[in-house]
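Here's the structure we're looking at; comments come further down.
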Amino acid sequence: MKNQRIISLLPAATEIVCALGLEANLVGRSHECDYPELVKGLPVCSEANIPDNLSSADIDQKVKELLYDALSIYTVNRDRIKELAPDVVITQAQCEVCAVSLVDVEAALKDYLDKPAKIVSLQPISLTDIYNDIREVASALGVEGNAGKLIEELDERVGIIRHKLKFADSKPTIACIEWLEPLMISGNWVPELVNIAGGVPILVEAGKHSPYVQWTDIQQADPDIILTMPCGFSIERTMKEMSTLLQQPGFADLKAIKNNRLYIADGNQYFNRPGPRIVDSIEILAEIIHPKQFIFGYEGSGWVKFSV
């Protein structure tokens, strides 16, 4: 298995492959794979069909238009993949918007490669699923033992948070905003992460896709904390669109705003990537929700407080 050639079309999968110690086997990546740093030098095997620098509302509209017309949001460069001659291609079937989909990969590579390639497709909706995806990738690549060690290390970190929170005297409510216009609340694994980190997620159900909500829903819930973490956005990118929230009626009257508990997190690097750094995301949430009990050192890079 040591000589397997791997193409990852999913940032989380790229991180999983590297965390399993097989970064040297990666021969190609998606246009979104950017961590760890060394993968940036790999050939890029996909591209987005959405222009850069659109607003949240414009991105949402463009995505809906493409899906309505049965067009893909991403293009797979099958000629490049053929040249790279992979033994394994890793993609996902969880979200057509988040990354290159299984359907796109199968359509692009069907009867096209010079040799058969194993396609591994990931579809996580919970922390357990993410751990299982690590095991599945490890199994496909013949390094099952590495998966066991990695998951044990991740679980130890989660265990530390769970233990310390036994002594917490409160569980603040939190609105985790996954998209600004239209408003969406982070679903899938995020509610579970919030619970582990000692908070109570609002307007969402663990293990279900992220729902659209109305501003009045957030007003009515009046959460203790508001955390904006748009899918695919860095902190800097989110900063440019915070006016969308600030202009909402009654924004300044919310409990979270009055108590200076409005935050921005790097959704792109952490919360939207169901790989090993999902435990970093739990640690970020713990720092935000219970700042007196947890200091992991992510403030300033993984998250910032936003003062109105």
Mind checking which residues of segment 246-289 are of a type outside the set (D, E, K, R) and more than 22 Å from the chain's Cα centre (by Cα)? L246, Q247, Q248, P249, G250, F251, A252, L254, A256, I257, N259, N260
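Which residue out of A197, A168 is over 21 Å from the mean Cα position of the chain (by Cα) and closer than 28 Å to V308 by Cβ?
A168
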Filtered residue count, segment 268-308, keeping only those that are open to solvent by 20 Å² or more (accessible area, probe 1.4 Å) and in a helix (DSSP H, G or I): 4
Selection count, segment 1-55, where residues are closer than 18 Å to V143 by Cα and in a helix (DSSP H, G or I): 11
Only one of A265, A252 is touching a Leu at 6+ places or on another chain (Cβ under 8 Å) and either surrounded by fewer than 23 Cβ atoms within 10 Å (Cβ to Cβ) or within 21 Å of L193 (Cβ to Cβ) (or both); which? A265
Hey, among the residues in segment 108-164 that are among the acidic types (D, E) and in a helix (DSSP H, G or I), which one's least open to solvent (accessible area, probe 1.4 Å)? D133
Within segment 192-235, the count of residues that are more than 26 Å from P249 (Cβ to Cβ) and charged (D, E, K, R) comes to 3
Could you grab me the full set of residues in segment 211-231 that are within 12 Å of L180 (Cβ to Cβ) and part of a loop (DSSP other than H, G, I, E, B)? V213, M229, P230, C231
Could you figure out which of (1) out of contact with any Gly (no Cβ under 8 Å at 6 or more places or on another chain); (2) open to solvent by less than 50 Å² (accessible area, probe 1.4 Å) isn't true of F233? (1)
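The values are calculated or read from the model by the stated rules, or taken from the named source; none is laboratory data. As the structure is a computational prediction, the values presented were derived from the model and not from experiment. All Cβ positions, even for glycine, are placed from backbone atoms using ideal geometry, and neighbour counts span all protein chains on display. We work out accessible area using only protein heavy atoms, side chains counted, and drop any ligands, DNA or RNA first. Shrake-Rupley method; radii C 1.70, N 1.55, O 1.52, S 1.80 Å.
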